[in-house]
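Visitor: I have a structure I would like to understand better, so I am pasting it below and will then ask my questions one at a time.
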Amino acid sequence: MDVIESEGLTKRFGDVLAVDNVTFRVREGEIFGFLGPNGAGKTTTINMLITLMRPTEGSARVAGYDIIKEPDKVRKKIGVVFQDPTLDRRLTGWENLYIHGRLYGISSRELKLRIKELFEFVELKGWENKIVQYYSGGMMRRLEIARALLYNPEILFLDEPTLGLDPQSRAKVWDYIREIKSEEGMTIFLTTHYMEEAEKLCDRVAIIDYGRIIALGTVEELKSKVGNEIIYLNTTLDGQEKIFIERLRSLDSIRDLKVLKDGIISLSVNNAPETIPKVLQEAQRLEVEIREVRYLRPSLEDVFLQLTGKGLRDEEATFFDHVRMRRIRMRRGGRR
Amino acid sequence: MKRFIRTVHIMWYRQIKRFLRAKSRVIGSIVQPIFWLIFFGLGFSGTFRTMSGGMNRNIDYLPFLVPGVVMMSVFFGSFMSGISVIWDREFGFLKEVLVAPVSRDATILGRALGDSTTSVIRGILILSLASALAPSINLAGIPVVLVSMILVALSFTSFGIIIGSKMRSMEGFQLINTFLSMPILFLSGAFYPVQTMPTWMRAIAMINPLTYGVDAARIALTGTGVNSLIADIIMLLVTSSIFVSISAWVFRRTTIE
Ligand SMILES: Nc1ncnc2c1ncn2[C@@H]1O[C@H](COP(=O)(O)OP(=O)(O)OP(=O)(O)O)[C@@H](O)[C@H]1O
Ligand SMILES: [Mg+2]
């Protein structure tokens, strides 16, 4: 069953087309991710789905209810953790949860038990009676997650749940999210601009850029779109390049070729170790200088890069810097 | 209905909790009106006696001023409710309220009642301190003062909420506050009687809800006033229900855009 069905959802702010004709479905019990860079329209999409903004065009059904015609019913089914904190900073953590629980109609007695449980779940035990103002950013985030879970919503919306958190806190939040999914079977809709987060958590991912969904599928499906492996060539631009590119295009083992900025060429291939010598041969023959060659197993980052020709995170850093950073992370004993 | 009351109650609880946390603000908001009473009241009382002529021959300025200052503090405290709406927008709590599956009428009414409660409590504290300064006031009138304080508070918290919901910045609210609060205060009969105002001022005073609150409190505490007590209370009932309804209407349409 689909618990979110979006049909041509569109939001315009004056001249800015923040969300452009977005259509997708979220299945019951899955973690569905919206992955996109800053300003892609992630928050705006969430705001429409949770009934806080009216779509300019299109509509959606959330938990079976129309977001425009039945906002009250939608609100009863959802929990939200907003991108920016929405806590009352002058009150204690406990009071914040208590007020929330009462707004959601939980009886006082049950609420007290739930609050105790949840403070333990997000590891904030002992902080119940401290004013929220004195919590750290990561603690506020965890408190907000606890708050959203008070009332067992059918669908949990998380807008960049780990934005600005240090690696430890981020890992913790990921654990909570996995636990919520496995124990409660809740459907989770999350947005992120960390590809790692999308890869690690999401069953299916929609990549969004300039308000439009440019790819949607499981992480594996998306990766297979760009080929199994990607070779990046850092070349000098000296006029020979055109012929070189045409030669490369004619090679059988190269499935796709894209010229990115600063003379960087990306090739999607089935087998990089076999293809690289062929590429270098061609380069030598045509006297194209190749400064650097790297190859990677594709990540969502590469999918994004292939689809849009730009990096996902920091557009300023050159792409090779980015690749380098990731290799360093890998060497330090990361996941890959 | 049960849900509605529960929502009103929890929003009321939140406003009260916040109020109790802001101790320095509470003390400031009590000290200031007392200074008004002392410096303005005692300083003016000599002049006032000769000026006021026939109408208020029998009363001193200080007892005259007490209901005015009490209502002033209720008015200021209530109107500032609008600021907290802007704060909530700024600090995000507004979203938490807007996305909750509850009646918006209930949330905004709870908030208005919460802020009204705190400004009425402040009013009572000031009144009890003031009664020490002006022992001649009639303490038997306190229940009536209480009723009019509540109605004034409801009117002006709702008014503040209406303005606060429309404003996007603290500065904007402060600007409106500057333009509105002085006229509302001075054209209410709080400091000098409405009858001796120029005609145009009196005309404005007559559409000012605070005028009726001050008048009702003054009748209750000193026995003299402009209108009849019943008329004052009816006017306050009418204005507070109008403002409460408008604030609910405005809040129902509030978005985060
Ligand atoms: N209230 C608003 N008024 C005008 N423009 C807006 C408003 N909200 C968002 N926008 C614009 O809409 C676009 C999408 O914004 P949105 O906040 O949805 O992006 P996002 O994907 O959540 O980005 P981020 O990762 O930075 O949170 C941006 O260009 C933004 O400037
Ligand atoms: Mg966002």
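The values are calculated or read from the model by the stated rules, or taken from the named source; none is laboratory data. Keep in mind it's a predicted model, so treat the numbers as computed, not measured. Please note: Cβ atoms are built from the backbone with ideal geometry, for glycine as well, and neighbour counts cover all protein chains shown. Accessible surface areas use protein heavy atoms only, side chains included; no ligands, DNA or RNA. Shrake-Rupley method; radii C 1.70, N 1.55, O 1.52, S 1.80 Å.
Visitor: Skipping prolines and chain starts, which residues have an amide H placed within reach, meaning under 5 Å, of the one on residue A:260, given they are 5 or more residues away or on another chain?
Guide: The answer is A:265, A:266.
Visitor: Per the 1.4 Å probe, what fraction of the accessible area of chain B, in percent, lies on carbon and sulfur atoms?
Guide: For chain B, the apolar C and S fraction of the accessible surface comes to 72 percent.
Visitor: Suppose R0 equals 30 Å; then what is the FRET efficiency for residue B:174 and residue B:21 from their Cβ-Cβ distance, rounded to the nearest 0.05?
Guide: Computed FRET efficiency for residue B:174 and residue B:21 comes out at 0.85.
Visitor: Still on this structure, I have one more. Evaluate the charge dipole of the protein assembly as shown about its Cα centre and quote only its size in Debye, nearest 20, assuming +1 on the Cβ of each Lys and Arg and -1 on the Cβ of each Asp and Glu.
Guide: 1560
Visitor: Going by a ≥ b ≥ c, the root eigenvalues of the Cα gyration tensor, does the protein assembly as shown fall in the rounded group (a/c under 1.5), the prolate group (a/b larger than b/c) or the oblate group?
Guide: prolate
Visitor: Among B:123, B:112, B:71, which residue has its Cα furthest toward the positive end of the charge dipole of region B:2-252, with +1 on Lys/Arg Cβ and -1 on Asp/Glu Cβ?
Guide: Going by the Cα projections, it comes out as B:112.
Visitor: In whole Hz, what ³J(HN,Hα) sequence does region A:52-59 give by Karplus (6.51, -1.76, 1.60; θ = phi - 60°), x for Gly and Pro?
Guide: Along region A:52-59, the couplings run 8, 9, 8, x, 6, 9, x, 7 Hz.
Visitor: Then there's this: Rounded to the nearest 5, what % of DSSP beta bridges with both residues in the protein assembly as shown are antiparallel?
Guide: Looking only at bridges with both residues in the protein assembly as shown, the antiparallel portion is about 70 percent.
Visitor: Here is a follow-up. What is the antiparallel percent of DSSP beta bridges lying wholly in chain A, to the nearest 5?
Guide: If we restrict to bridges inside chain A, about 70 percent are antiparallel.
Visitor: Which lysines have a Cα lying under 20 Å from the Cα of residue A:278, excluding residues fewer than 8 positions away in the same chain?
Guide: A:242, A:258
Visitor: Anyone know which of A:268, A:224, A:299 comes out most mobile in the 10 Å Cα GNM of chain A?
Guide: Of A:268, A:224, A:299, the Gaussian network model singles out A:224 as fluctuating most.
Visitor: Name the residues whose placed amide hydrogens come within less than 5 Å of the amide hydrogen of residue A:34, ignoring near sequence neighbours (fewer than 5 apart) on the same chain.
Guide: Close amide H contacts, sequence-distant or interchain: A:190, A:191, A:192, A:206.
Visitor: For chain A, which whole percent of the accessible surface, found with a 1.4 angstrom probe, sits on carbon and sulfur atoms?
Guide: 45
Visitor: For a test of the definition: using alpha carbon positions, the gyration tensor, and the 1.5 limit on a/c, classify region A:69-179 as rounded, prolate or oblate.
Guide: oblate
Visitor: Take the eigenvalues of the Cα gyration tensor for chain B, scale each by 5, and report the square roots as semi-axes in whole Å, largest first.
Guide: 33, 18, 17
Visitor: Out of A:47, A:62, A:107, whose Cα points farthest toward the positive end of the dipole of region A:24-125 (charges: +1 Lys, Arg; -1 Asp, Glu; placed on Cβ)?
Guide: Of the listed residues, the answer is A:107.
Visitor: From the Cα gyration tensor of chain A, with a ≥ b ≥ c the square roots of its eigenvalues, which class applies: rounded if a/c is under 1.5, or else prolate if a/b is larger than b/c, or else oblate?
Guide: Verdict is prolate for chain A.
Visitor: Still on this model: Using a simple charge model, +1 on the beta-carbon of Lys and Arg, -1 on the beta-carbon of Asp and Glu, nothing else, what dipole does chain B show about its Cα centre, in debye to the nearest 20?
Guide: Magnitude of the dipole: close to 700 debye.
Visitor: Just to confirm, what accessible area per residue do you get for region B:2-252 at 1.4 Å probe, in whole Å²?
Guide: So region B:2-252 comes to 42 Å² accessible per residue, rounded to a whole number.
Visitor: Can you list the residues, at least 5 places off or on another chain, whose amide H is less than 5 Å from the amide H of residue A:22, using H built in the peptide plane?
Guide: A:8, A:9, A:10
Visitor: How large is the dipole of chain A about the Cα centre if only Lys and Arg carry +1 and Asp and Glu carry -1, each at its Cβ, rounded to the nearest 20 debye?
Guide: Charge dipole, chain A, about its Cα centre: 700 debye, nearest 20.
Visitor: In whole Hz, with x marking every Gly and Pro, tabulate ³J(HN,Hα) for region B:3-18 from phi via Karplus 6.51 cos²θ - 1.76 cosθ + 1.60, θ = phi - 60°.
Guide: Values, residue by residue: 4, 4, 5, 4, 5, 4, 5, 6, 6, 4, 4, 5, 4, 5, 4, 4 Hz.
Visitor: Run the helix sum for chain A: -39,500 (n - 2.57) per DSSP H stretch of 4+ residues, divided by residue count, reported at 222 nm to the nearest 500 deg cm²/dmol.
Guide: -12000 deg cm²/dmol
Visitor: How far is helix B:229-252 tilted, in degrees, relative to the longest principal axis of the Cα atoms in chain B, given as a value from 0 to 90 rounded to the nearest 10?
Guide: With rounding to tens, the tilt is 20 degrees.
Visitor: Through the Karplus equation 6.51 cos²θ - 1.76 cosθ + 1.60, θ set to phi - 60°, convert the phi angles of region A:258-271 into ³J(HN,Hα) values in whole Hz; use x for Gly and Pro.
Guide: 9, 9, 8, 6, 6, x, 8, 10, 10, 10, 9, 9, 7, 9
Visitor: A further question follows. Taking the Cα atoms only, what angle lies between the long axis of helix A:108-121 and the longest principal axis of chain A, rounded to 10 degrees?
Guide: 30
Visitor: For the interface of chains A and B, what total accessible area is buried with a 1.4 Å probe, rounded to the nearest 100 Å²?
Guide: In total, chains A and B hide about 2800 Å² from solvent.
Visitor: Further, regarding this structure: Extending each Cα 7 Å along its Cβ direction at residue B:133 and residue B:42, get the distance between those two points in nm, one decimal.
Guide: In this crude spin-label approximation the distance works out to 0.9 nm.
Visitor: Using a probe radius of 1.4 Å on heavy atoms only, what accessible surface per residue do you get for region A:96-225? Whole Å² is fine.
Guide: With all protein chains present, region A:96-225 gives 41 Å² per residue.
Visitor: Across the residues of A:97-103, average count of Cβ atoms on other protein chains within 10 Å?
Guide: Counting other chains' Cβ atoms within 10 Å and averaging over A:97-103 gives 6.
Visitor: Of A:116/A:172; A:69/A:112; A:181/B:2; A:11/A:261, which sit over 23 Å apart, Cα to Cα?
Guide: Long pairs (Cα-Cα over 23 Å): A:69/A:112; A:181/B:2; A:11/A:261.
Visitor: Over the heavy atoms of residue B:87, what accessible area does a 1.4 Å probe trace out, to the nearest 10 Å²?
Guide: 80
Visitor: Relative to the first principal axis of the alpha-carbon coordinates of chain A, what is the inclination of helix A:93-103, with its axis defined by its Cα atoms, in degrees from 0 to 90 and to the nearest 10?
Guide: The two axes meet at around 80 degrees.
Visitor: Once R0 is set to 25 Å, what does the formula 1/(1 + (r/R0)^6) return for the Cβ-Cβ distance between residue A:16 and residue A:136, expressed as a FRET efficiency to the nearest 0.05?
Guide: It comes out at approximately 0.15.
Visitor: Can I ask one more? Can you compute the helix-only [θ] at 222 nm over chain B? Use -39500 (n - 2.57) per DSSP H run of at least 4 residues, normalise by all residues, nearest 500 deg cm²/dmol.
Guide: -25000 deg cm²/dmol
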